Amino acid sequence: MEFQEINEKEYRSFWENHPLKSFLSSPEIAKLREESNWKAHYVGVRENQKLIAAAMLLSHERHLGKREFYSPRGYLMDFENLDLLAFFTKEVKKYVKNQGGYVLRMDPYLLYKQRDIDGNVVEGGEDHSRVVEKLLSLKYRRVPTPLMEQVGWMFCLDLKDKTEEEILKEMKPNVRNIIHKTEKFGIVVRELSYDELEEFQSIMEETSKRKGFSNRKLSYYQKMYELFSKQGEVKFFITELNIKDYRDKLLDEKSEKEEKKNHLGEAKYNDAARANLEKEIASLEKRIQEAEQILSEKGTDVITLSGSMFMLIQPEVIYLSSGNYEEYMKFNSQYLIQWKLIQYGIQHEFQRHNFYGIPENINTHPKDYGIYEFKRGFNGYVEELIGEFELPISWHYTLFSLLHRLKRK
C-alpha cells in the first residue's frame, strides 16, 4: 500500500462512487470553507495502483502558527479493513504533522449500531463496534456529543422499491390527516431562486431567535446555492397560502355544515349529529375569523408560512434546515414539504429520505424530543453514527485542549 497526495479530480471520482459519501465530504464544501480561510488537502492510499481509500482534509491556522485539520464525514474507506485503517492513520498522522498540524478531527458517515424506529439496537443488525475499538486503540479520542460539529444521530426513511401509496399508508394516521388537510387548505410548496434566498434567511432568522440557536448568514445560503444548485443538489423551498382563497373555502364548508344541520329533523336520535355539526361550525367560524384578521393585518392575499433547505445527492435526500413563522405554525406546512420531497425522492430513484438530526438516546426523552416525534410520524428508523474523533498529532494538542476547556468554563 502507498499513501500519497492526490488531486481534486481523483478525489471527486472516488467520492462519487463511494458508499460513505456525503455532501459534507464533497469538494464543494472545501470551496465553501475556503471563504473562511480553510485550505483543502486531498490524500489517498493506492494498492496495485488502484485507489482504495481517500480523504479530504481541511486545515486552518489556530494558535502559535499550528494548524487544525478536519476531515468532514471522512475518511472514505472500508473501515472494517482494520489493517487499512491502521496504515492510513499512521501515514495521515505523518502528513498532518509535516503540514504543521497539531490535531486531526474526523467524523465518518458510518453507522455505529443498527437501530429501529424507537432507537433500540436491532439484534443481529449491522454493528461497527470493532471499528470504534480499533480507532481508540490507534489513539483517536472520542469527542463528546455536545461538542461534535456534525449530527451523530439521524432519522431516516427507506424509499427504495417503495411507492408513494405504500409510504403514505405506513405513516402515522395523524400525519396522513395533516398532509391531506394542508393540501385541502391550498398550501403550496414553492422552490426559491437564488434571488429569493433572502426570504428563506428571514424565516430562519425569526426561528433562530425564538428557539435560541445561531442562524447562518445570507452569504452561506447563497454560496451553497452557487456550489450545488447547478447539479440540482441543493433546493430551498417555502410554503405559501392564499389566505383569501383559504377563507372562502372555509366559508363554503361552513355553509355546507349549516345546510346539513338545517336538514336534520327534530327527532331525539339526531341530537348527537346536530351537536357534532354545531361543534364543527364553531371551529370553522374561529378559523374564518383568524383568516379575516390575517387579511386585515397583512394587506396581502398570499402569506409565507415556512421554509426548508434540502441536499439531494444520491443515494439520499437530506432535510438539512428549516424554519417557521410562529404565528402560522398551526397550518402544519412542514408536513407538506416533507411529503413533497419524499415524493420527489421516489420519482427520482433516491434510496432514502434522511430527516437528519435528532437528539441522542431518545428513549430517555431528552430535550428537543419533539423533533424526533415529528420525524417519527413519517415512519422510518433511527441511525446512530460512530461519532467524531480527534487524533492528537503533537504536544500542542494537550496545551490547546486545556485552553479550550478553560474557555468553555
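The values are calculated or read from the model by the stated rules, or taken from the named source; none is laboratory data. Model, not experiment: these values are computed from the prediction. For neighbour counting, all protein chains shown are included, and Cβ atoms are generated from backbone atoms with ideal geometry for every residue, glycine included.
Quick notes on this structure:
- Residue check, Tyr397 in contact with a Cys (Cβ under 8 Å, 6 or more places away or on another chain) and in contact (Cβ under 8 Å) with a residue 40 or more places away in the chain: no
- When each of Ser214, Ser229 is tested for being without any contact (Cβ under 8 Å) to a residue 40 or more places away in the chain, more than 21 Å from Ser333 (Cβ to Cβ) and not in a helix (DSSP H, G or I), the lone residue that passes is Ser214.
- Filtered residues of the stretch 29-87 (kept if among the basic types (Lys, Arg) and touching a helix residue (DSSP H, G or I) at 6+ places or on another chain (Cβ under 9 Å)): Lys31, Lys39, Arg62, Lys66, Arg67, Arg73
- Residue, surrounded by the most Cβ atoms within 10 Å (Cβ to Cβ), within the stretch 114-126, restricted to residues that are in contact (Cβ under 8 Å) with a residue 60 or more places away in the chain and assigned to a loop (DSSP other than H, G, I, E, B): Gly119
- Of everything listed in (1) in contact with a Lys or Arg (Cβ under 7 Å, 6 or more places away or on another chain); (2) outside the structural domain of Met171 (by TED's automatic domain parsing); (3) of a type in the set (Phe, Trp, Tyr), the single unmet condition for Phe355 is (2).
- Filter result for Leu197 (modelled with pLDDT of 95 or more, assigned to a helix (DSSP H, G or I) and more than 28 Å from Gly232 (Cα to Cα)): no
- Filter result for Tyr319 (surrounded by fewer than 21 Cβ atoms within 10 Å (Cβ to Cβ), out of contact with any Asp or Glu (no Cβ under 6 Å at 6 or more places or on another chain) and among the aromatic types (Phe, Trp, Tyr)): no
- Candidates are the residues of the stretch 127-149 that are out of contact with any Phe, Trp or Tyr (no Cβ under 9 Å at 6 or more places or on another chain) and outside any helix (DSSP H, G or I); the one that is surrounded by the fewest Cβ atoms within 10 Å (Cβ to Cβ) is Pro144.
- Screening Gly212, Gly152 for residues that are of a type outside the set (A, V, I, L, M), within 20 Å of the chain's Cα centre (by Cα) and crowded, with 18+ Cβ neighbours inside 10 Å leaves exactly one candidate, Gly152.
- Among the residues listed as Ile117, Ile52, the single one being among the β-branched types (Val, Ile, Thr) and in the same structural domain as Trp395 (by TED's automatic domain parsing): Ile52
- Within the stretch 191-209, the set of residues being under 29 Å from Glu164 (Cα atoms), touching a residue at least 24 places away in the same chain (Cβ under 8 Å) and loosely packed, with under 15 Cβ neighbours inside 10 Å comprises just one member, Glu191.
- Asn270 vs. criteria of a type in the set (S, T, N, Q), over 41 Å from the mean Cα position of the chain (by Cα) and surrounded by 14 or more Cβ atoms within 10 Å (Cβ to Cβ): yes
- Breaking point among (1) surrounded by 13 or more Cβ atoms within 10 Å (Cβ to Cβ); (2) over 30 Å from Ile303 (Cα atoms), for Leu218: (2)
- Among the residues here, Gly380 qualifies as surrounded by 13 or more Cβ atoms within 10 Å (Cβ to Cβ) and not aromatic (Phe, Trp, Tyr).
- Every pair of residues 6+ apart whose Cβ atoms lie under 8 Å, when the first sits in the stretch 35-54 and is among the charged types (D, E, K, R) while the second is surrounded by 12 or more Cβ atoms within 10 Å (Cβ to Cβ) and assigned to a loop (DSSP other than H, G, I, E, B): Arg46/Met1; Glu47/Met1
- Residues located in the stretch 34-52, provided they are touching a strand residue (DSSP E or B) at 6+ places or on another chain (Cβ under 9 Å) and among the basic types (Lys, Arg): Lys39, Arg46
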